[in-house]
Amino acid sequence: MPTHVMNEALGETRLDKGAQGLIGKPLDRYEGRLKVTGKAPYAYETRHGEGVAYGVVVTAPVAKGKVVSIDTLKAFSSPGVIHVLTGDNLPTNSAQPSGDKPAIGGGQIHFYGQVLALVVADSFEAARHGASLVTVECETREGRYDLDAERPNAKVPPPGNMPPDTARGDFERAFAEAEVKLDETYRTPSQSHSAMEPHAAVAEWQGGQLTVHTSCQLVGDNTRQLAAALGIKPDKVRILTPYIGGGFGGKLGIGPEAVLAAMVAKEIGRPVKVALTRQQVYQVTSRRTDTIQRVRIGATRDGRITAIGHESWCSNMAGDDYFEPIGLSTVFLYAGENRLITHRLAELDVLMASAMRAPGEAVGMLALENAMDEMAEKLGLDPIEFRKRNEPDRNPEDDKPFSSRHLIECMEEGARRFGWSEREARPRARQEGDWLIGIGMAAASRKNLLAQSSAEVRLEPDGRAIVLTDMTDIGTGSYTILAQTAGEMLGLPMDRITVLLGDSALPESSGSGGSFGAASAGSSVYIACEALIERLARKMDCAAEDLTLKDGTAVAGNRQVPLVELLAGEALSAEGTLQPGNATKDHHQASYGAHFCEVAVNAVTGETRVRRMLSVCEAGRILNAKTARSQCLGGMIFGIGTALTEELVIDDRNGLLVNHDLAEYHVPVNADVPQLDVVLLDKVDRLASPMASKGLGELGISGAGAAVTNAIYNACGVRVRDYPATLDKVLEGLAEGGGRQ
Amino acid sequence: MRPFEYQRATDAGQAADLAVAGGRFIAGGTNLLDLMKLEIEAPRRLVDISRLPLDRIEPTDEGLRIGTLVTNSDLARHAAVRRDYPVLARAILAGASGQIRNKATTGGNLLQRTRCYYFYEPSAACNKREPGSGCAALDGFNRIHAVLGGSENCIAVHPSDMAVALLALDATVETLLPDGSSREIPLAELHRLPGETPHIETTLEPGELIVAVVLPAPIGDRQVYRKVRDRASYAFALVSVAAVASMEEGRIAAARLAFGGLAPKPWRNEKVEAHLVGKEPSPTLFEEAADLLLAEARGHGANDFKITLARRTLCAVLAEACQGDK
């Protein structure tokens, strides 16, 4: 099986030559028609018909304690109820993505809303009613729900997405001696992914073989996690997840509903459907941690950073040492000889914290990019100029070279397009009626990741190609860019490419997460196609580099042979695998961008309305200009929500997630989102992957919220360091005369 | 959802009869069905009134009579409403979402229940949901809760925007009782303050059906609805102000003010209005009005900001309503 280890840059490839002209084109989604006509079902919408049973989850009514008894008698006698699953071995919530399986309760309650039972009935309605009849008796204990209170007890976590601590030089001394200093603390709340499709699973056994339709991001890992939770071998489990209604990290680890559906389907010998209610999605999957972040920047009077410190505290449940890599971008974004980046993890008796879109950057860059704005003001420098003065030429952590870095170009391009030169540095300089107008910017960076990924590409005798991989499309455009890649490589138009995804029976891919999907899975298709091209070249009796494939025809020298003819009734198949290699280790790789935002802040009420926003993004080769732009738009909207509205409120008396529905957990709605513009700088980063593309899916959110809050400050002179910047917090500053200089 | 009986009413009298013992009227269902799924509402019987002929908007001698089944969307876009009662159209369009407004009805909007987080969480204490269990909001996360009119038993707010505008328009509710009689209830008297019984939210008798809302002629054509909320759509009011006023020779001739987001019911304080009438508008006068409105206001922590916000919003709304020489 052809495997490519990403040790060094490839030269020019067929993707550069673009004989078929597909790569980079703003093509419509491969599965778009299915989605807009309702023919791409959610997991719960599969397996209709007789014999299906329905499960509804029962959750814990307290956050901490011991289960004394679960009374299921009433539920059992309720019409339609078939079974009530209880026990110490039930999953409490989703698996940690890096974990081998979901945690189990063991008779204890670890957080409010933890899974305690599953009621199964002939109809969903009967199951839901049955679930309401289950009563739980528990011995309640005092719990810990407040990160601020637990901060003194926070510990150094083991290395995760990054080491907990990175340091260079003597930060404390350099900061103490700095000519100009900033020392501010920022807070961000817990957040919930809030994907449109709630977590759901449909499980069915045939003998010892389990098939589960579910909605998940990492098919390979999720298959193993599900098997481990059930105590069976992974090859006995097949997961199908062809269409996914959003993930955002919330579906990286297998969900409790999939384990429960499989467990109970086995017990009752029927297919079982389990969907979490919207409230339960908030309560029993995962959340993004709350954070406390202290940022210190020391600089010379002319704006050279001499010391940069980013100390952070986040939370997770006992026994789970995942920490949000809050300082990920602070490590490399700006120069400075003396650096200190730390992460501390506090235990809370609250739902597991895990990855949510751009874990690390999404919240870490709020603090860093606000601090840069505040420091620029102290120095009397334009925020862009301050950033430019601290542009490093090598990774300031370890002096390794950057694989590619176009941050300054993003900032300059954005400044020019957005009209940055018209910005008044002084807050409250622009007013229209009751509305104070301001603009702000922030840098974006997202560390580039690559993951092992395999795909099979088949050339059928009729000249069609089929791409087969367990890769997922969580709305990102995987189907489309994999079809474009195969089409470009094999010289086939889009309508001659079939892409099959989201099936654990197919070659294992990177899955979708960490913005690594397009480059990793795309590269596996590239590698498989290269192998096919070698074989086609042999049939053409030429070297592969002399073979051009275009519109279903093989061309070498003055010979043109239709592919169908060349195949002569034979199908060709190759599997390609990408493995990360030294290129990642020897270079620092990241995507970069710059966000610009204009807001109006109501001088009476403190309401903020985003008026326009522009993000200039650079992520190496752009594979599809339309889906890439959509990824950036989605990230920017996440940024607006992060800045202005999103907060998963934990009741600090008892650990209840208070606002666990979409009416009260406020994601931005259309009316909150104005004209958004995205400019993609089309570059190539040959060290990143054979695709020469870097991660894009999370770049749009990284730093976006900081551009919004920097604009709020520019508009009204109020600096909110406790996210989100809801109107009450802005109003407090306005009422105190904030910014009236 | 608890099993329930469903009956479709053939006329209003029969509907009232069917609802007397443990029945609930259902029309748009945009709130009731959500609550039933959570078993916060568990009626034994649903009486479907959606097909009754109560969906007309008719002019009266002085004003307008709005059938209880008129949808929020239809009411907001009705020509007479937009011409004579723009505060009502604006309030309705400030609420919910397009899809919900297409289903939600006039009577149902008035009777929608609070959005208090703890009311919606079956495991939390809530005197409104489970009398005697306590109020988790009092010392809990009460950012959206009442600063006026609450009690030690409940500080949940009434979520309607439409009702706030109707209150400023002196609306009356027309009802039909199971015994066949009818009565008129001034909107100000429809909702009750929580006191000791937060679970009893209105003065309606069991089975009493709202059949129409009647509007008198507006007292002025200076009409403003200002809703302050956390996001631009699909969010309940943190504070809202409905103002209807008229001016004569530079003085305020008449004023009606109603408030949402502040209290367990659409809030009106006639002392505030009386203080404004006959006076020349000025920032000082508006501040005095706010002083009167908020004299008894009390925050519970997370909602303290509402007192400041209400003051500032009221002053801005009064300034807008009184400006110019219309």
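Every read-out reported here was derived from the displayed coordinates using simple, explicitly stated rules and does not represent laboratory data. Predicted model only: the values in this text are computed from it and were never measured. Note: ideal-geometry Cβ built from the backbone for every residue, glycine included; neighbour counts use all protein chains shown.
What FRET efficiency, computed as 1/(1 + (r/R0)^6) with R0 = 30 Å and r the Cβ-Cβ distance, is obtained for B:Glu288 and B:Thr202, rounded to the nearest 0.05? Could the numbers behind the result be given before it?
Values: r = 33 Å, r/R0 = 1.09.
Efficiency, from the Cβ-Cβ distance: 0.35.
Just in the stretch A:560-598: which GluC sites (Glu not before Pro) are loop by DSSP and have at most 11 other Cβ atoms within 10 Å? Walk me through the numbers on the way to the answer.
Working: sites: A:Glu565, A:Glu570, A:Glu575, A:Glu598; in loops: A:Glu570.
Of the GluC sites (Glu not before Pro), the ones in loops of the stretch A:560-598 whose Cβ has at most 11 other Cβ atoms within 10 Å are A:Glu570.
Name the residues whose placed amide hydrogens come within less than 5 Å of the amide hydrogen of A:Val58, ignoring near sequence neighbours (fewer than 5 apart) on the same chain.
The list, which skips near neighbours in sequence, is A:Leu116, A:Ala117, A:Leu118, A:Val119.
Mind checking the dipole of the stretch B:180-326: about its Cα centre, +1 per Lys or Arg Cβ, -1 per Asp or Glu Cβ, Debye to the nearest 20? Mind showing how you got there, number by number?
Details: 18 positive and 20 negative charges, 91 e Å.
It comes to approximately 440 debye.
Starting at the first residue of the stretch B:152-167, write each ³J(HN,Hα) from the Karplus equation 6.51 cos²θ - 1.76 cosθ + 1.60 with θ = phi - 60°, in whole Hz, x for Gly and Pro.
In residue order, the calculated couplings are 6, 9, 5, 10, 5, 9, 7, x, 6, 7, 4, 5, 5, 5, 4, 5 Hz.
Which residues does the label zone of A:Asp28 cover in the stretch A:585-629, counting backbone N under 17 Å from a point 7 Å along Cα→Cβ?
Those under the cut-off are A:625-628.
Using θ = phi - 60° and the Karplus form 6.51 cos²θ - 1.76 cosθ + 1.60, what ³J(HN,Hα) does each residue of the stretch B:86-103 get, whole Hz, x for Gly and Pro?
x, 4, 6, 4, 5, 5, 4, 5, 7, x, 6, 9, x, 5, 5, 5, 5, 9
If each of B:Ser133 and A:Lys388 carries a label point 7 Å out from its Cα toward its Cβ, how far apart are those two points in nm?
Modelled inter-label distance: 6.1 nm.
Where in chain A are the DSSP H helices whose alpha-carbon span along the long axis reaches 24 Å or more and whose Kyte-Doolittle mean is at least 0.0? Don't skip to the end; give the middle numbers.
On the way: long enough: A:361-379 (26 Å, 0.17); A:517-540 (33 Å, 0.48); A:625-644 (28 Å, 0.68).
Within chain A the helices that satisfy the rule are A:361-379, A:517-540, A:625-644.
Length gain on complete extension for the stretch A:Asp183 to A:Glu50, per 0.36 nm per residue less the alpha carbon to alpha carbon distance? The partial results should precede the final answer.
Numbers: separation 133, 0.36 × 133 = 47.88 nm, distance 6.42 nm.
Taking A:Asp183 through A:Glu50 to full extension adds about 41.5 nm, to one decimal.
Would you mind calculating the gained length between A:Ala543 and A:Glu172 on full extension (0.36 nm times residue separation, minus the Cα-Cα distance), in nm to one decimal?
Values: separation 371, 0.36 × 371 = 133.56 nm, distance 6.07 nm.
Contour length minus Cα-Cα distance gives 127.5 nm.
With a cut-off of 8 Å between alpha carbons and a minimum separation of six or more residues, what is the relative contact order of the stretch B:222-322 in percent?
Working: 173 pairs, mean separation 27.9, N = 101.
Computed value for the stretch B:222-322: 28 percent relative contact order.
What is chain A's relative contact order, in percent, from Cα pairs under 8 angstrom and six or more apart in sequence? Please list the in-between numbers first.
On the way: 2050 pairs, mean separation 132.6, N = 741.
It comes to 18 percent, rounded to a whole number.
For the residue pair A:Arg426 and B:Ala217, what label-to-label distance in nm results when each label sits 7 Å from Cα along the Cα-to-beta-carbon direction?
5.3 nm
What trypsin sites (Lys or Arg not before Pro) does the stretch B:218-312 have in DSSP loop regions with at most 16 other beta carbons within 10 Å?
Hits after loop and neighbour filter: B:Lys279, B:Arg298.
So if I take the centroid of the Cα atoms in the stretch A:159-187 and the same for the stretch A:310-333, what is the distance between those two points in Å?
Centre-to-centre distance over Cα atoms comes out at 14 Å.
Remind me, relative contact order of the stretch B:190-255 in percent, using alpha carbon pairs under 8 angstrom and six or more residues apart?
Values: 73 pairs, mean separation 15.5, N = 66.
Rounded, it is 23 percent for the stretch B:190-255.
So for the stretch B:116-176, Kirkwood radius off the Cα pairs, Stokes-Einstein at 25 °C and 0.890 mPa s: how many µm² s⁻¹?
Working: Rh = 13.1 Å.
Result for D is 188 µm²/s.
What are the residues whose amide H is under 5 Å from the amide H of A:Ala346, where those residues sit 5 or more places off or on another chain and H is modelled from the backbone?
Counting only residues 5 or more places away or on other chains, the set is A:Lys155, A:Cys314, A:Ser315, A:Asn316.
Once the stretch B:222-322 is represented by equal point scatterers at the alpha-carbon sites, with solvent omitted, what log10 I(q)/I(0) does the Debye formula produce at q = 0.25 Å⁻¹?
At q = 0.25 Å⁻¹ the computed log10 ratios are -1.43.
Show the residues, 5+ positions off or on another chain, whose built amide H is closer than 5 Å to the amide H of A:Met6.
Result for A:Met6 returns A:Gln579, A:Gly581.
Run through all the Cα pairs of chain A and give the fraction in each 20 Å bin from 0, expressed as whole percent.
17, 47, 30, 5, 0
Can you give me the pair-distance distribution of the stretch B:5-48, C-alpha pairs, 5 Å bins, whole percents?
Going out from 0 Å in 5 Å bins, the stretch B:5-48 shows 6, 26, 32, 23, 10, 3, 0 percent.
As a check on your grasp of the helix formula, calculate [θ] at 222 nm for the protein assembly as shown: sum -39500 (n - 2.57) over DSSP H runs of n ≥ 4, divide by the residue count, round to the nearest 500. Walk me through the numbers on the way to the answer.
Working: 30 runs with 283 residues, N = 1067.
Taking each H run of at least 4 residues, the total per residue is -7500 deg cm²/dmol.
Go through A:Lys378/A:Lys683; A:Lys74/A:Lys101; A:Lys66/A:Lys266 and tell me which ones have a Cα-Cα distance over 30 Å in this structure.
Working: A:Lys378/A:Lys683 35 Å; A:Lys74/A:Lys101 32 Å; A:Lys66/A:Lys266 28 Å.
In this structure, A:Lys378/A:Lys683; A:Lys74/A:Lys101 lie more than 30 Å apart at Cα.
A:Asp235 versus A:Asp462, label points 7 Å from Cα toward the beta carbon: distance in nm?
3.3 nm
What is the calculated FRET efficiency for B:Arg183 to A:Arg141, with r their C-beta to C-beta distance and R₀ = 45 Å, to the nearest 0.05? Walk me through the intermediate numbers first.
Numbers: r = 54 Å, r/R0 = 1.20.
Once rounded, the FRET efficiency stands at 0.25.
Evaluate E = 1/(1 + (r/R0)^6) for A:Glu125 and B:Ala274, where r is the Cβ-Cβ distance and R0 equals 45 Å; express this FRET efficiency to the nearest 0.05. Walk me through the numbers before you get to the answer.
Details: r = 54 Å, r/R0 = 1.19.
Efficiency at R0 = 45 Å is approximately 0.25.
Enumerate the lysines that A:Lys539 could reach by cross-link, defined here as Cα to Cα under 24 Å, with residues fewer than 8 away along the same chain left out.
A:Lys17, A:Lys550
For a quick check of your reading of the filter: which GluC sites (Glu not before Pro) in the stretch B:104-211 sit in a DSSP loop and have no more than 12 other Cβ atoms within 10 Å?
Values: sites: B:Glu152, B:Glu174, B:Glu184, B:Glu189, B:Glu196, B:Glu201, B:Glu208; in loops: B:Glu152, B:Glu196, B:Glu201, B:Glu208.
Qualifying residues, ordered by number: B:Glu152, B:Glu196.
B:Arg298 to B:Arg82: extension gain in nm, 0.36 nm per residue of separation minus the Cα-Cα distance? Before the final figure, lay out the partial values.
On the way: separation 216, 0.36 × 216 = 77.76 nm, distance 3.59 nm.
Full extension of this stretch gives 74.2 nm more.
Between the stretch A:469-540 and the stretch B:1-64, how far is it from one alpha carbon centroid to the other, in angstrom?
The stretch A:469-540 and the stretch B:1-64 have Cα centres separated by 55 Å.
Among the lysines, which have Cα under 21 Å from the Cα of B:Lys306 when same-chain residues fewer than 8 positions away are ignored?
A:Lys729, B:Lys227, B:Lys265, B:Lys271
Roughly speaking, what is the centre-to-centre gap between the stretch B:278-311 and the stretch A:387-435 when only Cα atoms are used, to the nearest Å?
42 Å
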